[in-house]
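The values are calculated or read from the model by the stated rules, or taken from the named source; none is laboratory data. This is a predicted model, so every value here is computed, not measured. We place every Cβ from the backbone using ideal geometry, glycine too, and count neighbours over all the protein chains shown.
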C-alpha cells in the first residue's frame, strides 16, 4: 500500500487561471444560487417538519417512489459545498444560512437521535422499514459529510454532534448483535462518509461500521427480501421494485465476489470508493483485488471517452459491455464526480499513474461538463452527441448533480498532490502553492503553469534548509515526449515507474523543476465492439476531449461534417474561455440542401469545410445547437 496521503484542499491555494476562475464562480454564484433553489422548491422548509405536512411537490411515481425522500441529502451536500467555499473565504451570510439549516435539523432530531425529515415529518412509524428504496443511510451519509466539512471550515461542532448522536442511534439498531437489523442501504454513500469521520476522529467504531456495511452487502438471506417480508407482515403497501434483481444496488452478491460493474453508476462508484478506503486502512488484500478487478472492467468495457459512466436512463447506470451510445448517453454528472473519488482512493493504494490519468480525465471532461460557465446552470446527463434539443437547466427534480459538481470544484485543490514522510507527489497540474513538512523540514512548493491549455510546468521547491526527499511527478499516460529538468539539468524520463518520475536529491532554496508535456492534438478510435463509434474518431489534446458544436461550425447540423483521416489537426487560441485552445482541420461537409425526399438513389454532394472543435466541457454555454464528440471519419 502507498505511504502517500492527499494534502487537504484547504492547505493548497489555487493560483492557475483555469481552476481559479471555476472556483471563484462557484464561490460567488453557484453556492448562493443553490441555496435560493433549495428554498424555492421547499427543500429547506421540509427541515422544519411542518404540521400538517404540505402536499408533495413531486408526486409519487407509478412504483410509489418520490424524490422527496432524499431531500435531506441535498441539504447535506449544499452545506458541504458551502463549507468548502468558507474554507477559501469566510462569508457571514453563507455561515448564517448554514446555521439556520443546522437549527432546523437540531429541532427535528428525535429524542433517540434519529434524524430523517421525510420520516419524522410524514411517517415516523415506518422508520427503517425500507432501506432498499428510501435512502435513510444515504441521507445520513450526505448530512455527515456536510457536518464534517463545516467543522473543518469553522471549528464549530454542533452539526457534527447532531450527526454523532444520529450515528449512536444507527449503531444501536444495525449490526450483527442480538436483536439488531443486519441491514444496509440500497444507495451506498454512508460508507465513504464514515471513513471520512474515522479519519477525522480516529474512533474505530466508525471504521468498523463502514466495514460491516461493505461486508454485509449481498449476503444471504438477502436483507432486502427479509425487509420486504416484514413490511408485508405489517400490512404496509409495497413500493414496487422496478428492477429484475439486486444488481441495481450492487447487492446481488458479496462485494468480494463481484467481477462485473453493474447497476446504478453513482451507487457503484460510492461503494467502490469506500471499498478502496477500507482496503487501504485495513490492509485488506481481498478488497483491494476486488477493486482492481472492477476497475479494469470499467476501464476496458464501460467508460465513455469523456470518463462518463452509464449509458442507460432506465437504471441511471450500466447495461452490457461496450454499450456506449452517444446521443442517448446518460453519463450522469454525479457518476463522473464519484469516479474521481474512487480514482483518488485507488491512486493512493499503489501510487499508480493510471488512476491519476482517469482522475484527470473525469475532472476535466465528464464532471466539469455538468457546470455551466455562469455557474448557475447544469447538466444531469452528459450525452456525447446532441440533436440540438438538450439545454442546461437551472434546477432538477433530483438536484443531486448540482451540489456534487460544486463541492468537487470547491475542493479541487485537494486532488493535486500528496505527501509522505520522505516525499511529495504531484498528480495534477494547473497552478498551485502550498507549504508542507517533509522529514521534519518545512518546504514551500509552487507549481506554475497554464495547464490544461499548455504543458509547460515549473515547480519551485524551497525548503527552509537543505533536505533530501523525493519529488514524484506524474507523467500523464496521454503524453509522449515528456521532458524534465532540475535547475537546467535534464533527467531521464524513461526512469519513470507506474506513471511517476521520482526525483530524489538534496533540495535547496530556489530549486526549480521544469516539466514539459507536449500536447499535440490526437485522434482516438474506439474498440470495434463499441458499435456506436464505428467509422468515427474523437479528438483529444492533453487531458481535454473535444467536440464539434454547431455555433462554431455554421451551416447546419454538425453531424453533416466529416473529418478526413489525413487532415492535419491544428491547435489555436479560441476566445470562448480565458486561454482556451480550439482544434481546427480541413474537413468535408455533406450538402443537404438538394434533398427533397427522405431517400434517393444518388449520394449527397460534399464540399470542403473548416471543422472547429472545442473542449467538451464547454459545450452548451452559447445557446442550443447540435453537438458531436465522435466525428464521422472519411478516407483521404
Some residue of the range 365-373 being in contact with a helix residue (DSSP H, G or I) (Cβ under 7 Å, 6 or more places away or on another chain), surrounded by 23 or more Cβ atoms within 10 Å (Cβ to Cβ), in contact (Cβ under 8 Å) with a residue 60 or more places away in the chain and over 26 Å from residue 536 (Cα atoms): yes
Within the range 47-101, tally of residues that are touching a residue at least 60 places away in the same chain (Cβ under 8 Å), within 20 Å of residue 136 (Cα to Cα) and not in a helix (DSSP H, G or I): 9
Tally of residues being assigned to a loop (DSSP other than H, G, I, E, B) and out of contact with any strand residue (DSSP E or B) (no Cβ under 9 Å at 6 or more places or on another chain) across the range 344-386: 5
Subset tally (residues that are surrounded by fewer than 18 Cβ atoms within 10 Å (Cβ to Cβ) and assigned to a loop (DSSP other than H, G, I, E, B)) for the range 483-511: 7
Single condition residue 480 does not satisfy, out of (1) in a strand (DSSP E or B); (2) out of contact with any strand residue (DSSP E or B) (no Cβ under 9 Å at 6 or more places or on another chain): (1)
From 568, 633, 572, residue being outside any strand (DSSP E or B) and touching a residue at least 12 places away in the same chain (Cβ under 8 Å): 568
Flag if residue 278 is surrounded by fewer than 18 Cβ atoms within 10 Å (Cβ to Cβ) and at pLDDT 95 or above: no
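Conditions tested, residue by residue: (1) more than 25 Å from the chain's Cα centre (by Cα); (2) surrounded by fewer than 21 Cβ atoms within 10 Å (Cβ to Cβ); (3) closer than 29 Å to residue 427 by Cα.
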position	(1), (2), (3)
531	yes, yes, no
534	yes, yes, no
545	no, no, yes
558	yes, no, no
567	yes, yes, no
576	no, yes, yes
All positions within the range 387-426 that are part of a strand (DSSP E or B) and under 17 Å from residue 29 (Cβ atoms): 393
Of all residues in the range 608-630 being in contact with a helix residue (DSSP H, G or I) (Cβ under 7 Å, 6 or more places away or on another chain) and not in a loop (DSSP other than H, G, I, E, B), the one that is surrounded by the most Cβ atoms within 10 Å (Cβ to Cβ): 627
Single residue of 90, 29, 36, 20 found to be more than 28 Å from residue 425 (Cβ to Cβ), under 22 Å from the mean Cα position of the chain (by Cα) and surrounded by fewer than 19 Cβ atoms within 10 Å (Cβ to Cβ): 29
Residue match in the range 112-131 (condition: touching a residue at least 60 places away in the same chain (Cβ under 8 Å) and within 23 Å of residue 410 (Cβ to Cβ)): no
Qualifying positions in the range 289-332 - more than 24 Å from residue 371 (Cβ to Cβ), more than 18 Å from the chain's Cα centre (by Cα) and buried (at least 21 other Cβ atoms within 10 Å of the Cβ): 290
